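Worksheet for the structure shown next.
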Amino acid sequence: MGEKGLWQQMDSWINGAGLHVGHPLGYTATDILARFKRMQGFNVLHPMGWDAFGLPAEQYAIDTGTHPKITTLRNISRFRSQLKSLGFSYDWDREISTTEPDYYKWTQWIFLQLLKRGLAYQAEVPVNWCPALGTVLANEEVIDGVSERGGHPVIRKPMRQWMLRITAYADRLLEDLDDLDWPESIKEMQRNWIGRSEGAELDFVVINGNSQEEEKRITVYTTRPDTIFGATYLVLAPEHPFLSSLVSEAQSKHVEEYREHAFRKSDLERTELQKEKTGVFTGCYAKNPANGQAVPIWVADYVLGSYGTGAIMAVPAHDTRDFEFAMKYTIPISWVVRPDDSDCGNFEKPYSGEGSMINSSYSESGLDINGLPSKEAASRVIQWLEKSGNGKKKVNYKLRDWLFARQRYWGEPIPVIFLDDKGEGIPVPETELPLTLPELDDFTPTGTGEPPLAKADSWVITKDPLSGKPARRETNTMPQWAGSCWYYLRFMDPKNSSALVDKAQEQYWGPVDVYVGGAEHAVLHLLYARFWHKCRCCQHCS
């Protein structure tokens with residue numbers, strides 16, 4: 001047996017009636033390489049499979065009025081026939097489909113391992129809801145405020161969802177990029193998506209509000225703790241859990257109307273696409289811990305509840321976004337950073353760079369950073385925050401936990417049951433896998449957030465295998481990315497019925513030598529696959 005080589009292109013999405021001109025482009029490249037390496041004496045694994053669960057395949061079925069199982073099998077047959085007619089040298093004995101129970105048994109098994117390790121959990125979170133598709137979308141599936149599939153408008157609404165704790169691996173996902181022999185542009189896209197930043201969390205004590213509590217603290221995250229003396233107002237995201245308890249009676253109606261309007265926007269519309277900043281004063285104030293000044297608390301949709309703490313200290317003199325907001329609503333502006341090449345601390349435009357600190361001393365708090373360079377001042381502020389109990393050093397990420405549920409029919413059933421509506425999910429025993437999809441004539445989205453599987457009463461109603469008590473199955477399904485996160489492993493050992501992949505097969509064939517696909521998968525498929533691989537729950541499973 002010669003030296004091994006694993007050449008692979010991304011599995012075909014079964015989202016149409018057949019190949020388009022873009023398919024053979026990448027397939028031809030990998031086939032040329034596979035043939036060349038075989039001639040050199042390499043033992044080449046050059047497989048093909050079908051990534052056929054999820055929105056693309058289901059939307060095609062809805063558009064054609066045919067059940068997705070029928071359209072998927074028919075289209076796979078056509079894809080296979082077309083590929084064979086093109087003469088590609090695939091190893092068809094290793095062909096897989098993410099929709100086959102023998103395959104998604106192991107996708108479900110991986111989910112159960114994540115659940116056991118606390119990496120899969122349920123949470124009430126603001127989600128990207130697409131009314132046209134009738135489902136929740138991950139952040140990565142929303143582009144310019146619309147769905148990646150179909151270009152439909154996306155809004156924000158709170159829902160209880162399954163999540164995967166990808167943020168627990170943020171540092172490893174970031175650091176290990178340096179060891180990957182990937183195009184630098186792809187690695188940079190992942191670095192930016194993970195978005196690691198260093199700064200501080202600090203507390204502002206609420207001075208007044210509707211809350212009956214003696215003291216409520218609003219925690220903010222900032223990458224510029226050196227500018228704390230320049231914080232002249234706070235901004236809460238419309239989703240912030242404290243908001244309702246802080247709003248004065250006079251402002252209650254205005255704030256509620258503003259929140260409802262904000263929830264109809266996507267994150268992108270609220271940030272990058274929104275030219276003019278808007279907000280509403282809550283009628284409440286908080287105390288700046290550095291100088292004791294009362295600063296007004298506003299709600300504005302340019303702050304996202306999903307990033308940091310969902311609250312910011314606004315420093316209009318040194319942040320363009322905050323400056324525009326302050327100018328619009330006549331909020332005070334305090335300059336605290338002087339550029340090194342300037343003798344003046346008064347500027348007509350915000351200065352967001354580093355420099356020397358000015359107007360940054362208050363004897364009662366014991367904090368004096370006047371004259372210090374920005375970086376040294378930031379370090380001094382963090383020390384003061386930790387010593388005074390007002391905050392701490394903090395590393396933050398733009399990366400959010402992976403939203404892992406879809407309100408659609410055509411996907412892997414999530415192997416979990418519930419004894420009651422509010423209870424914790426109970427894993428289905430591994431011996432009962434695969435948990436197969438029920439036959440369902442009406443598989444279209446309900447449009448209400450209730451998944452189509454909820455219509456399958458005989459499938460939903462079950463019993464807890466341990467206690468024998470009545471139970472209900474989870475009716476959400478996994479996203480289309482679930483099955484594609486690990487297919488490169490299954491190609492190494494596709495017929496194994498007792499393990500995801502045999503250890504010896506993985507050690508011989510892995511890792512993948514060449515992988516061809518579009519750059520649009522950099523922060524979706526490629527990032528998700530790295531996360532699942534690092535969880536190690538799919539490694540050496542025999």
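The values are calculated or read from the model by the stated rules, or taken from the named source; none is laboratory data. Just so it is clear, the model here is predicted, and its values are computed rather than measured. Reconstructed Cβ throughout: ideal geometry from the backbone, glycine too, with neighbour counts over all protein chains shown.
In the stretch 139-185, of all residues being among the basic types (Lys, Arg) and part of a strand (DSSP E or B), the one that is farthest from ASP301 (Cα to Cα) corresponds to ARG160.
Here's the yes/no breakdown for (1) of a type in the set (Phe, Trp, Tyr); (2) closer than 23 Å to ALA132 by Cα; (3) surrounded by fewer than 16 Cβ atoms within 10 Å (Cβ to Cβ):
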position: PRO451; (1), (2), (3): no, yes, no
position: ASP464; (1), (2), (3): no, no, yes
position: ASP493; (1), (2), (3): no, no, no
position: GLN505; (1), (2), (3): no, no, no
position: VAL523; (1), (2), (3): no, no, no
position: LEU527; (1), (2), (3): no, no, no
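Among the listed residues LYS105, LYS84, identify the single one that is surrounded by fewer than 18 Cβ atoms within 10 Å (Cβ to Cβ) and either farther than 30 Å from LEU33 by Cα or not aliphatic (A, V, I, L, M) (or both).
Numbers: LYS105 fails: surrounded by fewer than 18 Cβ atoms within 10 Å (Cβ to Cβ).
One residue alone meets the criteria, LYS84.
Would you check if there is a residue in the stretch 136-157 being among the small types (Gly, Ala, Ser), farther than 21 Å from GLN480 by Cα and surrounded by fewer than 19 Cβ atoms within 10 Å (Cβ to Cβ)? No, the stretch 136-157 contains no residue that is among the small types (Gly, Ala, Ser), farther than 21 Å from GLN480 by Cα and surrounded by fewer than 19 Cβ atoms within 10 Å (Cβ to Cβ). The residue of the stretch 59-80 that is farthest from GLU148 (Cα to Cα), among those that are modelled with pLDDT of 90 or more, of a type in the set (S, T, N, Q) and assigned to a helix (DSSP H, G or I), is SER77.
Can you name the residue in the stretch 317-339 that is touching a residue at least 24 places away in the same chain (Cβ under 8 Å) and polar (S, T, N, Q) and, of all such residues, is surrounded by the most Cβ atoms within 10 Å (Cβ to Cβ)?
Pass one, the stretch 317-339, residues touching a residue at least 24 places away in the same chain (Cβ under 8 Å): 317-326, 328-329, 331-337.
When the remaining residues are screened for being polar (S, T, N, Q), the result is 320, 334.
On the way: THR320: 12, SER334: 19.
Checking each candidate, the answer is SER334.
Those helices (runs of 4 or more DSSP H) of the stretch 191-270 in which 2 or more residues are on the phi < 0 side of the Ramachandran plot and modelled with pLDDT of 95 or more occupy 252-262. Taking residues in the stretch 475-488 that are over 25 Å from GLY449 (Cβ atoms), and partners anywhere that are modelled with pLDDT under 95 and β-branched (Val, Ile, Thr), the pairs with Cβ atoms closer than 7 Å and at least 6 places apart or on different chains are TYR488/VAL512.
Among the residues of the stretch 26-49, count how many are among the aliphatic types (A, V, I, L, M), part of a helix (DSSP H, G or I) and touching a residue at least 12 places away in the same chain (Cβ under 8 Å). Lay out the reasoning, then the answer.
Residues of the stretch 26-49 among the aliphatic types (A, V, I, L, M): 29, 32-34, 39, 44-45, 48.
Applying the additional criterion that residues be part of a helix (DSSP H, G or I) yields 29, 32-34, 39.
Narrowing further to those that are touching a residue at least 12 places away in the same chain (Cβ under 8 Å): 29, 33-34.
Number satisfying all stated conditions: 3.
Run down THR436, THR446 and say which single residue is of a type in the set (S, T, N, Q), at pLDDT 90 or above and either surrounded by 12 or more Cβ atoms within 10 Å (Cβ to Cβ) or assigned by TED's automatic domain parsing to the domain that holds GLY118 (or both). Don't jump to the end; show me each part of the working.
Working: THR446 fails: at pLDDT 90 or above.
After applying the criteria, what remains is THR436.
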